[in-house]
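**Q** Have a look at this one.
Nothing in this text is a laboratory measurement; each read-out follows from the coordinates by a stated rule. Computed from a prediction, not measured in an experiment: that's the story for all the values here. Note that we place each Cβ from the backbone using ideal geometry, even for glycine, and neighbour counts take in every protein chain shown.
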Amino acid sequence: MGKSALVAFVAAALVVAPQAQAVEAAPSAGTWLAGQFVNGDHLLKGPDLVDEGLTADGVYALAAAGVGKSTAQKAAAWLAASPQLETFIGDGEAESYVGGLAKLALVAQTLGQDPHRFGGVDLLGRLSALQGEDGRFRDKTDPSFDMTNAFTQSLAIITLKRAGQPVDAPVKFAASTQCQGAGFPIVFGEATCQSDVDATAMVLQALLAAGEKTVSAKALDWLVAQQQPDGGFPAASAGSNANTTGLAVGALVAGGRAEAADKAVAYLRTLQVGCAGPEAQRGAIAYDSKGFEPYPAIRATTQAMLGLARVGLADVSASSSTAGVPAIDCAPPASTPPSSSAPAPAGPAPAAPAAPADPPLAATGPDQAVPLTLFGSFAVLAGAVLVFVSRRRKVGA
């Protein structure tokens, strides 16, 4: 191989390697996450604290990783049943909640189900009815308790766009909320517009899905500028973390910012519990470099998995997912001496060098950079986590 060809080969390998490693990491995270569904159908945000929004996030996460389709389907059935359905989306008469309707519509779309007939409810019909003349989606409830924001607006755009419905007015409204610094705020109409990384990543996914390019270009530049030296992205009140970073990757990939996405995925991998950790934690993603904590890890894992798989909410789908999840096997493979048909030489044979063992799962912590190795078959499909603001009626994440 000539010098120029060798240089080209190495350069290509450097680009491809991070993506190949991320493909291995996401399914192993799915293996851990699938085990966290209580009764196999819903997730908790704390001891005995059922969370419909987090359960929906778990469906997207498993689909992004290409595993656990049976668990995702059970979760969808649980979300479509009473009383959690009415709690999450409202009764459709006195109250309707944008966040819950959009999240469940995305659950249905992710699993190839009909969002017009989810649990007997036309989710997209109710959602469209909540759009104002200005393009903003607002909850139907006591005005003082309207909980809509950049996340709910973006989710509504994404789900309606996926359904082939017009989104020009909602996109125009979302674009109009851009701060002078080019990022987007979580809360609309504040006296001072404060750009937020989570909100910007979410709005970008919606705008890019709708084909908006002008406002998105400036916001992408701002988002990339927020990336920390460790590759992660910070929340408003915290440093680099899995939740924000997982959401940011979706926007970066959709916006063609591959280098920043590679660094973010590499950061997420440093947070994954590997073979050096307890067996019950292996595959989980910690919230940050402080290490594994049970309930924060559930939310962090759901939102980091979309980043590890480089999938955005506009594209996530379980169409190619496996029904189950792969085993995480940390045992090194047994070495087998090579066979040969040639006659053995006289005298003792020289000792053969030991075959190198496959690398184990990376241990949790910023200093651990050993690639993940996953034993088992899986399918990964392009297409969060996503971070959502908590709602009074459990409409947020």
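**Q** So what's the Cα pair-distance distribution over the range 179-245, bin width 10 Å, in %?
**A** Going from the shortest bin to the longest, the percentages are 22, 53, 24, 1.
**Q** Moving on. What are the aspartates and glutamates whose alpha-carbon lies under 12 Å from the alpha-carbon of Lys74, with same-chain residues fewer than 8 places away excluded?
**A** By straight Cα distance, Lys74 reaches Asp41.
**Q** Output the peptides 31-39, 175-183 sorted from most to least packed, where packing is the average of other Cβ atoms within 10 Å over each peptide's residues.
**A** 31-39, 175-183
**Q** Along the positive direction of the dipole of the range 21-115 (beta-carbon charges: Lys, Arg +1; Asp, Glu -1; about the Cα centre), which of Val50, Gly30, Leu85 reaches farthest?
**A** Farthest towards the positive pole: Gly30.
**Q** Among the lysines, which fall within straight-line cross-link reach of Lys263, defined as a Cα-Cα distance under 22 Å, with same-chain neighbours fewer than 8 residues apart omitted?
**A** List returned: Lys218, Lys290.
**Q** Excluding same-chain residues fewer than 8 positions from Lys161, which aspartates and glutamates have a Cα within less than 13 Å of its Cα?
**A** Glu212, Asp315
**Q** Now, a different point. When each pair of different Cα atoms in the range 234-281 is counted once in the 1/r mean, what is the Kirkwood radius in angstroms, to one decimal?
**A** 11.8 Å
**Q** Count neighbours as other Cβ atoms within 10 Å of each site's Cβ, and list the trypsin sites (Lys or Arg not before Pro) in the range 258-294 that are DSSP loop with at most 16 such neighbours.
**A** Answer by residue number: Lys290.
**Q** Multiplying the sequence separation of Asp329 and Ser144 by 0.36 nm and subtracting their Cα-Cα distance, what value in nm do you get?
**A** Between Asp329 and Ser144, full extension yields 61.4 nm more.
**Q** Let me ask something else. At what distance in nm do the modelled label points of Thr192 and Lys172 sit from each other, each positioned 7 Å from its Cα along Cα→Cβ?
**A** Modelled inter-label distance: 3.1 nm.
**Q** While we're here: Run the dipole for the range 103-152 about the Cα centre, Lys and Arg Cβ at +1, Asp and Glu Cβ at -1, nothing else charged, and hand back the magnitude in debye, nearest 20.
**A** 140 debye
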